[in-house]
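Colleague: Have a look at the structure that comes next, please.
The values are calculated or read from the model by the stated rules, or taken from the named source; none is laboratory data. These numbers were taken from a predicted model, which means no experiment stands behind them. All Cβ positions, even for glycine, are placed from backbone atoms using ideal geometry, and neighbour counts span all protein chains on display.
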């Protein structure tokens, strides 16, 4: 069975005034239809750039150096802007981090949702159904994300709604085109903790019911664990470890993954000082040679400075890119 | 929205009263004895005293202020010393001419400034953007009188496409007034030849007057569009599959229009106050010329009248801009 999403040795550069940022350095990710993948990593590790590249809305000046992103047997990185319109929102759609800034403040929710629905028909070259039908669809979409007061919400502007409500609306917009693949870019980061749980529960329910394939991006390991069957750990533009969530969270092999998990507070057991990974994420204009993690790695040796580690299998559906991976 | 409108109108009335009070104060602290000025250089002290009483200048300041405000409310702005006609009648003659010129210039500024600012932002750093930027910088930098004369030389003298100056040819009778704006009146009366004549007269001065305004509208709109196009909700709209043209025309332009509107309001007031150079070059019978010639003759009442008129129009425009703001941005309505 071929994967629905296949990212193969994908390298991306972003030229800046100070030099070329090597933001993505050979990403390999494969995702089966109906599977859920969580991408974890620190801020600036390239996870959002990767997510946006899948949607074709990455930085304008970004340059693909090598590799492909193949979705449903189509190489996305070779699509024209016109072709993209038949993909965005219809086959792949996205939900975003901060639901306040990702909704247009000057248009009502109804207008924005209605526009999204209309745009999907236009993009596929189908005649849009009558206005009342499209409005009814707006209502159904809101009901799908468990908004009860649909008429009031449709007439509201974003600033009149709560953060949780706005995130539900963004989810409704993302689902409007009945996409196969849903990319969730830190969907709970900007929300209150109680709302986070609600949104995660809602997403979990939708994913199960609609059989969505999901790529979720977060630095919140808990949120990832709640939604994803598989996990990829990113560091400085590379995937350092990838496998089932269970295997990675219970038995991390990469020193970076270990550090990341050790940095989480443990509410069970005795209070212990949190461990931090020493150092900061590297400058991607001049990334460290060999393994990009070596300057911060407790296990680094001479070979780590010289050779980029190959990705190797360390168990059923568990790969790691490290010269000195834990057993 | 209704309470918002009421509040804005209340503020408008308050500001207008403030402006009236301020002009009263300024004319009173200005050096020189108005009674003596009216009486003329050869008047005796008795004559000056008579005039002082006639004009109520011997009364206490608050009483004078009450009279002044009362006169203002009944539309009495006093008489011009030079022409001895009521200032209000003279303003009624000159204000529509300036207003027409400024309105045409404003329409030009908006029709060219907004779309080109938008295009310039969409094609940032491309050829079109470079051309537009050169154009907008020269718009701010060219002195109006020089640019006006240049246009006259080329389009009126060399090509003979357009008339050199004036508001209508001497042979053309103005239409029976309805709004006192020639372009509007001639259309309403169905006098299309007059309309064409009036339009050909207003084009050159309107271009000259609109140029700096057009340039600043363009620059503000460009800068705002560039910023809005990078904002999160535009990224989201793209991700949801909204077409690029719709994103630019509706999702981004509406947001970028807010600061542009503020600029339009400011520029409208600025144009009203700075028509004098253009009016001089094009011999346009407007308030700019009227104010300057009155000021040179130390004829204060017309100057005060013109100040009030410009001030009032400025405030009305800005109130309209505020209302438009609230109409566009729902967040302001509840504020």
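Colleague: Taking region A:86-110 only, how many residues are more than 9 Å from chain B (Cβ to nearest Cβ) and farther than 19 Å from residue B:231 by Cα?
Modeller: Number of matching residues: 2.
Colleague: Considering every residue within region A:192-202, establish whether at least one is away from every other protein chain (no Cβ under 12 Å), modelled with pLDDT of 90 or more and over 23 Å from residue A:40 (Cα atoms).
Modeller: No.
Colleague: Quickly run through region A:148-161 and pick out the residues that are part of a helix (DSSP H, G or I), within 12 Å of chain B (Cβ to nearest Cβ) and surrounded by fewer than 23 Cβ atoms within 10 Å (Cβ to Cβ).
Modeller: Filtering region A:148-161 for residues part of a helix (DSSP H, G or I) gives A:150-155, A:158-160.
Those left that are additionally within 12 Å of chain B (Cβ to nearest Cβ): A:155, A:158-160.
Correct list: A:155, A:159, A:160.
Colleague: Any idea which residue in region A:61-79 is nearest to the other protein chains (Cβ to nearest Cβ), counting only those that are in contact with a helix residue (DSSP H, G or I) (Cβ under 9 Å, 6 or more places away or on another chain) and farther than 19 Å from residue A:181 by Cα? Step through it out loud before you land on a result.
Modeller: Here is the first cut: in region A:61-79, the residues in contact with a helix residue (DSSP H, G or I) (Cβ under 9 Å, 6 or more places away or on another chain) are A:62, A:64, A:67-71, A:74, A:76-77.
Now restrict to residues that are farther than 19 Å from residue A:181 by Cα: A:62, A:64, A:67.
Working: A:62: 14, A:64: 18, A:67: 22 Å.
Ranking the candidates gives A:62 first.
Colleague: Spot the failing condition for residue A:303; the list is (1) surrounded by 14 or more Cβ atoms within 10 Å (Cβ to Cβ); (2) without any contact (Cβ under 8 Å) to a residue 40 or more places away in the chain; (3) out of contact with any helix residue (DSSP H, G or I) (no Cβ under 8 Å at 6 or more places or on another chain); (4) in a helix (DSSP H, G or I), and only one is missed.
Modeller: Among (1) surrounded by 14 or more Cβ atoms within 10 Å (Cβ to Cβ); (2) without any contact (Cβ under 8 Å) to a residue 40 or more places away in the chain; (3) out of contact with any helix residue (DSSP H, G or I) (no Cβ under 8 Å at 6 or more places or on another chain); (4) in a helix (DSSP H, G or I), residue A:303 violates only (1).
Colleague: Yes or no: region A:138-153 includes at least one residue that is modelled with pLDDT of 90 or more and over 25 Å from residue A:200 (Cα atoms).
Modeller: The answer is no; no qualifying residue exists.
Colleague: When residues of region B:110-125 are filtered for being out of contact with any helix residue (DSSP H, G or I) (no Cβ under 7 Å at 6 or more places or on another chain) and surrounded by 12 or more Cβ atoms within 10 Å (Cβ to Cβ), how many remain? Break it down stepwise before answering.
Modeller: Filtering region B:110-125 down to residues out of contact with any helix residue (DSSP H, G or I) (no Cβ under 7 Å at 6 or more places or on another chain) leaves B:111, B:115, B:125.
From the residues that got through so far, the ones that are surrounded by 12 or more Cβ atoms within 10 Å (Cβ to Cβ) too are B:111, B:115.
Looking only at that region, the number is 2.
Colleague: If you don't mind, there's one more thing I want to ask. Surrounded by 15 or more Cβ atoms within 10 Å (Cβ to Cβ) and more than 30 Å from residue B:129 (Cα to Cα): does that describe residue B:210?
Modeller: no
Colleague: Go over the candidates A:182, A:170 one by one and state the one that is within 23 Å of residue A:115 (Cα to Cα), within 14 Å of another protein chain (Cβ to nearest Cβ) and in a helix (DSSP H, G or I).
Modeller: Working: A:182 fails: in a helix (DSSP H, G or I).
Checking each option against the conditions leaves just A:170.
Colleague: Something else about it: Consider residue A:164 against the criteria (1) within 14 Å of another protein chain (Cβ to nearest Cβ); (2) assigned to a helix (DSSP H, G or I); (3) touching a helix residue (DSSP H, G or I) at 6+ places or on another chain (Cβ under 7 Å): it satisfies all of them except one. Which criterion is unmet?
Modeller: (1)
Colleague: Moving on to the next point. Here are the criteria: (1) more than 25 Å from residue B:136 (Cα to Cα); (2) within 14 Å of chain A (Cβ to nearest Cβ); (3) out of contact with any helix residue (DSSP H, G or I) (no Cβ under 8 Å at 6 or more places or on another chain). Tell me which single one residue B:245 does not satisfy.
Modeller: All conditions pass for residue B:245, except number (1).
Colleague: May I ask you to list the residues in region A:111-147 that are under 23 Å from residue B:245 (Cβ atoms), away from chain B (no Cβ under 14 Å) and not in a helix (DSSP H, G or I)?
Modeller: Result: A:127, A:129.
Colleague: Do we find a residue being surrounded by fewer than 23 Cβ atoms within 10 Å (Cβ to Cβ), farther than 28 Å from residue A:120 by Cβ and at the interface with chain A (Cβ under 9 Å from one of its Cβ atoms) anywhere in region B:221-242?
Modeller: No, every residue in region B:221-242 fails to be surrounded by fewer than 23 Cβ atoms within 10 Å (Cβ to Cβ), farther than 28 Å from residue A:120 by Cβ and at the interface with chain A (Cβ under 9 Å from one of its Cβ atoms).
Colleague: Additional query: Among (1) more than 8 Å from every other protein chain (Cβ to nearest Cβ); (2) within 17 Å of residue B:235 (Cα to Cα); (3) crowded, with 16+ Cβ neighbours inside 10 Å, where does residue A:82 come up short?
Modeller: All conditions pass for residue A:82, except number (3).
Colleague: Something else now. Residue check: is residue B:94 outside the structural domain of residue B:252 (by TED's automatic domain parsing), crowded, with 20+ Cβ neighbours inside 10 Å and in contact (Cβ under 8 Å) with a residue 12 or more places away in the chain?
Modeller: Numbers: outside the structural domain of residue B:252 (by TED's automatic domain parsing): no; crowded, with 20+ Cβ neighbours inside 10 Å: yes; in contact (Cβ under 8 Å) with a residue 12 or more places away in the chain: yes.
Criteria not met by residue B:94.
Colleague: Would you mind listing the helices (runs of 4 or more DSSP H) fully within region B:221-335 where at least 3 residues are in contact with a strand residue (DSSP E or B) (Cβ under 9 Å, 6 or more places away or on another chain) and under 30 Å from residue A:84 (Cβ atoms)?
Modeller: Because the criterion is at least 3 residues that are in contact with a strand residue (DSSP E or B) (Cβ under 9 Å, 6 or more places away or on another chain) and under 30 Å from residue A:84 (Cβ atoms), the helices (runs of 4 or more DSSP H) in region B:221-335 that meet it are B:232-239.
Colleague: Give the residue, chosen from B:80, B:138, that is within 28 Å of the chain's Cα centre (by Cα) and in the same structural domain as residue B:310 (by TED's automatic domain parsing).
Modeller: B:138
Colleague: Now, a different point. Right, residue B:10: more than 30 Å from residue B:139 (Cα to Cα), in contact with a helix residue (DSSP H, G or I) (Cβ under 6 Å, 6 or more places away or on another chain) and without any contact (Cβ under 8 Å) to a residue 24 or more places away in the chain or not?
Modeller: Numbers: more than 30 Å from residue B:139 (Cα to Cα): yes; in contact with a helix residue (DSSP H, G or I) (Cβ under 6 Å, 6 or more places away or on another chain): no; without any contact (Cβ under 8 Å) to a residue 24 or more places away in the chain: yes.
So residue B:10 does not fit the description; no.
Colleague: In addition: Would you confirm whether or not region B:264-276 contains a residue that is within 13 Å of chain A (Cβ to nearest Cβ) and farther than 27 Å from residue B:87 by Cα?
Modeller: Within region B:264-276 (the criterion being within 13 Å of chain A (Cβ to nearest Cβ) and farther than 27 Å from residue B:87 by Cα), the answer is no, since none of the residues qualifies.
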